[in-house]
Amino acid sequence: MEADNSLQSILYKRGSLQLLDQRKLPLETIYLEIRDATDGWSAIRDMVVRGAPAIAIAAALSLAVEVFNLEAFKGTTDDAAFFLNKKLEYLVSSRPTAVNLADAATKLKEVISMAATAASEAPSIFQAYIEAAEIMLKDDVASNKAIGSYGVSFLRHQLKNSKKLSILTHCNTGSLATAGYGTALGVIRAVHSEGLLERAYCTETRPFNQGSRLTAFELVHDNIPATLIADSAAAALMKDGRVDAVIVGADRVAANGDTANKIGTYSLALCAMSHHIPFYVAAPLTSIDLSLYSGKEIVIEERSPKELTHSRGGLGEQVAASGISVWNPAFDVTTAHLISGIITEKGVITKISSDAFDIKDFIEKAAK
């Protein structure tokens, strides 16, 4: 069940789950044992595991491990279904902005409901849940590789005047943020494997430094030509003509294409438009929330002030004046008019106008 990538954020075999503690990277590689949904909730909330796809998989598997290791369950099938549903609702509360987590919970609840209708005893429902969670792990890796494949094909066609491409990315969207391979970083991997990558640029992604700690770690590990820049250096890099495209991930995409992603994404999109550089979002269809018409409806999570007032994203010494007020949103929303295309595992969603995408139509056609 492990992803076929040497850098793995999730180590799973039935009854056992370990998550790479990404707070310790790049200096230490430590895996934490996750025994139940409570451990899973804490790991997500405390940023042991992060990245929308990885969060969803980690949550689903934490509950799978819990029910696999349950001592004799004495309740009815209805009791088992209620138990699982409540645990899933609890897990969703760990990271409300990541729509993949809510989407996974909804799909798993459907599995639970169907199993409860047919089952005569509680263990059958637990077994159905475990199998469904394991399929999600396997499917995520396949989805990411498809995103990479569509991404490199699309970029080759769109940027045909460039022999090789230099791509700027933000935050971490690689194998550490998913079950394996990655979304935006997966596209960069695919571009590199095709011999088309000149250089990858990654931002440090303050205040938690997912770019400098995690993306840079993955790029060096995979021997991909890469350069780390300060968040505030992106505009100057673009002005120097050293960026051919910007590719980022997504925590939630609204029906019109507005996208919530790690704080700082909106600034990059504005800079890219100003310098006439295409700006792409790479994300699985599970990141799309058709119930939200626009990004104005996306709830933005605020993180602890300590992430700004202390070094190492809140884990180190104090660096800010005591008593200062802090505003620390985890995400911002990039409006659709700033986005050139959305790269998914079913193809690339392009605009129907300068301001919006018809994502619903794309999804309906992809399902046929």
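The values are calculated or read from the model by the stated rules, or taken from the named source; none is laboratory data. Everything quoted here is computed from the prediction, not taken from an experiment. As a convention, Cβ positions derive from the backbone with ideal geometry for all residues, glycine included, and neighbour counts pool all protein chains shown. SASA here: full protein model, heavy atoms, side chains in, ligands and nucleic acids out. Shrake-Rupley method; radii C 1.70, N 1.55, O 1.52, S 1.80 Å.
Observations, loosely collected:
- Among the chymotrypsin sites (Phe, Trp or Tyr not before Pro) in the range 33-92, those located in a DSSP loop and surrounded by at most 16 other Cβ atoms within 10 Å of their own Cβ are PHE73.
- With the highest mean first, a sort of the peptides 344-351, 229-236, 254-261 on other beta-carbon atoms found within 10 angstrom per residue produces 254-261, 344-351, 229-236.
- Remark: relative contact order (the chain) = 15 percent; criterion is Cα-Cα distance under 8 angstrom and separation of 6 or more residues.
- Taking every protein chain into account, the accessible area of the range 147-206 amounts to 35 square angstrom per residue (probe 1.4 Å).
- Coil-residue GluC sites (Glu not before Pro) of the range 183-255, DSSP, other Cβ within 10 Å capped at 10: none
- In this structure, the pairs whose alpha-carbon distance is over 26 Å, taken from LYS107/LYS365; LYS86/LYS360; LYS296/LYS351; LYS163/LYS262; LYS24/LYS346; LYS86/LYS145, are LYS86/LYS360; LYS163/LYS262; LYS24/LYS346; LYS86/LYS145.
- In the range 80-204, taking the dipole from charged Cβ atoms about the Cα centre, the farthest positive-side position among PHE83, ILE130, ALA184 is held by ALA184.
- When the Cα positions of ILE112, SER287, ILE167 are compared along the charge dipole of the chain, ILE167 comes out farthest toward the positive end, with charges on each C-beta of Lys, Arg, Asp and Glu.
- Note on the range 242-350: Cα Rg divided by 2.2 N^0.38 Å, N the number of residues, gives 1.22.
- Most mobile listed residue (LEU27, LEU101, LEU88) in the chain, GNM with C-alpha springs under 10 Å: LEU27
- Relative to the Cα centre, the charge distribution of the range 217-343, modelled as +1 at Lys and Arg Cβ and -1 at Asp and Glu Cβ, gives a dipole magnitude of about 180 debye.
- Residue-normalised accessible area of the range 1-143, given per residue in Å² at a 1.4 Å probe: 44
- Exposure ranking of TYR150, TYR181 by accessible area [1.4 Å probe, largest first]: TYR150, TYR181
- The accessible surface of the range 1-158, taken with every protein chain in place and a 1.4 Å probe, is 53 percent carbon and sulfur.
- Considering only SER267, ILE342, GLY195, and ranking their Cα positions along the charge dipole of the chain that arises from unit charges at the beta-carbon of Lys, Arg, Asp and Glu, the one farthest toward the positive end is GLY195.
- The translational diffusion coefficient of the chain, from Stokes-Einstein at 37 °C and 0.692 mPa s with a Kirkwood hydrodynamic radius over alpha carbon pairs, comes to 157 µm²/s.
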